[in-house]
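Inspection log for the structure reproduced underneath, given as structure tokens.
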């Protein structure tokens, strides 16, 4: 997908008034790239007092955070380094590429569909930008698999969800789970030295962008909950519980998907939770990996205003589980 194709993606069609952001960093110098990278990781509101969920101030500053931390990198000019045979083999054999590309394809459409249902212009624009960035992630992955000759199943058609809110909740919570573990796995890959630093650097903006996405989701969730009447809140919490049940069921076993030709493909849908051995030659135990995920989760959120809500469910569950974890004998 070209940059022009991203600009004309469904976001603009589904959400009247949405325009894709300008991408000036084409052949920018190192200083400009570093400045953009810093801006996307650090943001503090100049508003005084608490950012209470449900208030206009909380909604406005949440959307301003997402808008002002936008990273203008262009997938078309990302550099894919030449890999040594061993590193190329590891990349090609990672059992994630079909699911990763298709997940981004679904996410962009689901987020755009839900954004189109919102009356609040600030939040609608923020979620529309989120959808556009998901489309950019898909472009990055598509260029990576093309650069390294990774064969993909033909993509199935992407269709609008019948229930936009349900689809957005599933996508948002799924990203919260996957991003938490991806933060740790990315750091494992970085420390392993099995992949060239240039490849790690190329993917770094995408990983941090996922942090921004789930930060937006957590604050949308708090804002949305606070505005519901008590009886709508009960219905909504039942939906949230159903989403968690669905996600737990989805992650048991293999993911099944049909390609455009009607063929079934199965891949490990739990890779983000058990894929450490695929990105490192060090035998890392589950407790150590979970601690690394917690540390990386804290680090990646540390630059954003502490008054904003953070995704807390997975970190809390992991901290609880670590109380009973038995260390692996080395």
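If you go through region 114-149 and keep only what is in contact (Cβ under 8 Å) with a residue 40 or more places away in the chain, surrounded by fewer than 19 Cβ atoms within 10 Å (Cβ to Cβ) and farther than 27 Å from residue 68 by Cα, you end up with 145, 147, 148, 149. Taken over region 34-59, residues that are modelled with pLDDT under 85 and either surrounded by 16 or more Cβ atoms within 10 Å (Cβ to Cβ) or assigned to a loop (DSSP other than H, G, I, E, B) (or both) amount to 0.
Scan region 228-247 for residues that are assigned to a loop (DSSP other than H, G, I, E, B) and exposed (fewer than 14 other Cβ atoms within 10 Å of the Cβ) and jot them down.
If the condition is that a residue be assigned to a loop (DSSP other than H, G, I, E, B) and exposed (fewer than 14 other Cβ atoms within 10 Å of the Cβ), then 229 is the only one that fits.
Given the structure, is residue 127 out of contact with any strand residue (DSSP E or B) (no Cβ under 6 Å at 6 or more places or on another chain) and not in a helix (DSSP H, G or I)? Taking the combined requirement at face value, the residue does not satisfy it. Considering region 73-116, and only residues there that are part of a loop (DSSP other than H, G, I, E, B) and closer than 19 Å to residue 19 by Cα, the residue that is modelled with the lowest pLDDT turns out to be 74. Condition test on residue 218, is it surrounded by 19 or more Cβ atoms within 10 Å (Cβ to Cβ), out of contact with any helix residue (DSSP H, G or I) (no Cβ under 7 Å at 6 or more places or on another chain) and assigned to a helix (DSSP H, G or I)? Taking the combined requirement at face value, the residue satisfies it.
Given the criterion modelled with pLDDT of 95 or more, under 17 Å from residue 174 (Cα atoms) and in a helix (DSSP H, G or I), identify the matching residue among 315, 311.
Unique residue meeting the criteria: 315.
The values are calculated or read from the model by the stated rules, or taken from the named source; none is laboratory data. As the structure is a computational prediction, the values presented were derived from the model and not from experiment. Reconstructed Cβ throughout: ideal geometry from the backbone, glycine too, with neighbour counts over all protein chains shown.
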